[in-house]
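These notes concern the structure reproduced below.
The values are calculated or read from the model by the stated rules, or taken from the named source; none is laboratory data. A quick note: this is a predicted structure, and the numbers were derived from the prediction, not measured. Glycine gets a Cβ as well: all are built from the backbone with ideal geometry, and neighbour counts include every protein chain shown. Just so you know, the surface numbers come from the protein's heavy atoms only, side chains and all, with ligands and any DNA or RNA stripped out. Shrake-Rupley method; radii C 1.70, N 1.55, O 1.52, S 1.80 Å.
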Amino acid sequence: MEPGTSSGRKRSLGNNNNQHVAKNKRTIMPKDKDFDTTVTSWLDHEDSSDSEAEDIDDTFTPELHEHNSDTVSESGPEEQFDNADDVPEEQTSSDDDVPLSAPRSFYGKNRYKWARQPPSRATRVPQHNIIRRINFSNLTENDPKNPLSIWNKYIDDEILLEILKWTNEKLNLYRSKFSEKDRVELRNLDMVELHAFIGLLLFTAVFKSNHENVDYIFATDGTGRDIFRCVMSKNRFLIILHFMRFDNSADHEARRLSDKIAAISWVFTKFVENCQRLYNVSEYATVDEMLVPFRGRTHLMIYMPMKPAKYGLKLMCLCDARNGYFYNCYIYTGRGSDGEGLTDEEKKFMVPTQAVIHLAKPLFGSNRNITCDNWFTSIELIEYLKKKGLTCVGTMKKNKREIPKEFLPSKHRDVGSTLYGFAGQNTLLSHVPKKNKAVILLSSMHHAEAVDEPTGKPEIIEFYNKTKGGVDEIDKKCSIYTTSRRTRRWPMVVFYRILYISTINSHLLYDIHYDKTKERGIFVKELARSLVLPQMKRRALNERLPRELRLSLARVLGKDMPVPDRQEVDEEESKKRKRCHTCPLKLQRKSTHTCYACKKHVCLQCAKQVCPDCL
């Protein structure tokens, strides 16, 4: 009789000398009377064998399923059943051409095992998905409810004083080269004027004139913007723009050896700390890179062909997935910058994993979820975040060795079909949106084969689409209204981005607490006016300004026009004829009449006639 027949197999099982051969080949005899006992003994042998697992090239150890063994047999990817009842009825035939059991798992190239069925759970919601409810903002009821007060919590007085200190230091150094050292344009900067300068930069963002020539903005022929001339002169604006500094330039080169962004490192770090102090991220956060356009000469230059700007400075950001709140960030300065501040064990991970750990450290232990793209997502990252109390959802590159070949794009897969793989708390998904295409996602937050009913797409894909755009959202807002101007100094590029991100975060806090209907453009315009108002009031009291400019100040200020203090004037002094302070100088009109409010001399032609009842 041929060895492939049932009687041949039965004879080999009955032979004591050949029992070890049958055991090694894992041959199942469906007609054996002790079939259940034999299969159970083989499974016990598989579960207790440790020598076979040592040969597997798998650096990751997923958590075991409750009803599934993670040991892979030497014979291949065939799944061993815990019980004979697990064998499908249609596959228990004795015909050799029909397999006795269907595989219950998928295997990656490195023998990483994915179960076809999700693990059974005793609880409805896993513990790592439960997040304690907390307030979004750390603002108190006593805080002033206006745009300027909220913005000043991000760009606080410590940052402004640091900028003032080093900007004036640079002005003093430059002023020493001139014989005329009391030039108005080269005087030291104060806090009021610094606020006004920042307000003008915000006005350029609202008016979409950030790249407009300064001569056009300060034009006096009716084509310029009156608000700019009312705040400061064109030369003064250019002087501040040219000499603005954020650190000590004297020892800058020495500090750059240990800190490549020493030129703005302190200001940038302080701003990020303020962003984290004022806001609590919601349940979902997003990690991604942001490219700030710049084409000057710097060691920080990055080329990213898929970005619209292609060249610039790369910022690695963590933002709120719901509204795009800027929460954590660091500037990429080259190899090794992703691992700054990490432990020696964390620096052994891959660079994308180090980047996520660097950004997500403030969220450790909060059970929040991190959404990232295929450059970051890996089994290594998802297992580490799991230990730190975070979940992760992201797309995966198709060259990852943990992905089974069944999950890769294939012409044999139907459009709309979905495959799931489960390994402990990790879920792998492969969805076919169109022919010969496949989208692969990895999640430690989802643990079931769930489908979104309105769209018909898997729940993991819908969740990823809703939470992936946190960084893109704030990048889009910065491109709509930007304070960036043409410059060759990369610290100014970072400062421009800090400046406008501060307005975005301020608007989000204002939206949460006070007024949800105020548009972002109106919010920025109100903030800019609040910043320039003290400087305009101070200039309005300057009698040396041209009459035309003083009239413009009165028109722009309106009700905010300051009134000088009433000074007691001697009767003899008031009776003297003096030049009218409103008439042009060339007319030389003199009068003995004085203004009722400011006590300045004014001619009857410029005075306003008022009856006694209206005084």
Filter result (among the polar types (S, T, N, Q), open to solvent by less than 50 Å² (accessible area, probe 1.4 Å) and farther than 17 Å from residue 376 by Cβ) within the range 329-344: 333
Count - residues of the range 445-461 that are at pLDDT 90 or above and either in contact with a Cys (Cβ under 9 Å, 6 or more places away or on another chain) or open to solvent by 30 Å² or more (accessible area, probe 1.4 Å) (or both): 1
Test: residue 424 is open to solvent by 20 Å² or more (accessible area, probe 1.4 Å), among the small types (Gly, Ala, Ser) and either touching a Pro at 6+ places or on another chain (Cβ under 6 Å) or modelled with pLDDT under 90 (or both): no
Conditions (1) part of a loop (DSSP other than H, G, I, E, B); (2) in contact with a helix residue (DSSP H, G or I) (Cβ under 9 Å, 6 or more places away or on another chain); (3) farther than 18 Å from residue 158 by Cβ: number failed by residue 227: (1)
Odd one out for residue 352, checked against (1) out of contact with any Pro (no Cβ under 7 Å at 6 or more places or on another chain); (2) open to solvent by 10 Å² or more (accessible area, probe 1.4 Å); (3) closer than 21 Å to residue 264 by Cβ: (3)
Selected residue (criterion: farthest from the chain's Cα centre (by Cα)) from residues of the range 158-197 that are open to solvent by less than 80 Å² (accessible area, probe 1.4 Å) and charged (D, E, K, R): 175
Candidate set from the range 139-157 (those that are in contact with a Phe, Trp or Tyr (Cβ under 8 Å, 6 or more places away or on another chain) and within 21 Å of residue 268 (Cα to Cα)); member that is surrounded by the fewest Cβ atoms within 10 Å (Cβ to Cβ): 155
Count of residues meeting criterion [open to solvent by 50 Å² or more (accessible area, probe 1.4 Å) and part of a helix (DSSP H, G or I)] in the range 198-224: 2
Criterion (touching a Cys at 6+ places or on another chain (Cβ under 9 Å) and aliphatic (A, V, I, L, M)) met by exactly one of 267, 292: 292
Selected residue [at pLDDT below 80, over 30 Å from residue 155 (Cα atoms) and under 48 Å from the mean Cα position of the chain (by Cα)] from 569, 563, 610: 563
Qualifying residue in the range 301-312 (condition: touching a helix residue (DSSP H, G or I) at 6+ places or on another chain (Cβ under 7 Å) and open to solvent by less than 10 Å² (accessible area, probe 1.4 Å)): no
Residue that is nearest to residue 280 (Cα to Cα), among those in the range 523-546 that are assigned to a helix (DSSP H, G or I) and open to solvent by 80 Å² or more (accessible area, probe 1.4 Å): 525
Candidate set from the range 303-328 (those that are among the hydrophobic types (A, V, I, L, M, F, W, C) and modelled with pLDDT under 90); member that is farthest from residue 370 (Cα to Cα): 309
Residues being surrounded by fewer than 19 Cβ atoms within 10 Å (Cβ to Cβ) and of a type outside the set (S, T, N, Q) - total across the range 478-509: 5
Subset of the range 225-238 [open to solvent by 20 Å² or more (accessible area, probe 1.4 Å) and without any contact (Cβ under 8 Å) to a residue 60 or more places away in the chain]: 225, 233, 234, 235, 238
Test set (1) among the β-branched types (Val, Ile, Thr); (2) open to solvent by 60 Å² or more (accessible area, probe 1.4 Å); (3) in a loop (DSSP other than H, G, I, E, B) - residue 512 fails condition number: (3)
Elements of type strands (runs of 3 or more DSSP E) in the range 409-504, at least 2 residues being free of Cβ contacts under 8 Å to residues at least 40 places away in the same chain and not β-branched (Val, Ile, Thr): 426-431
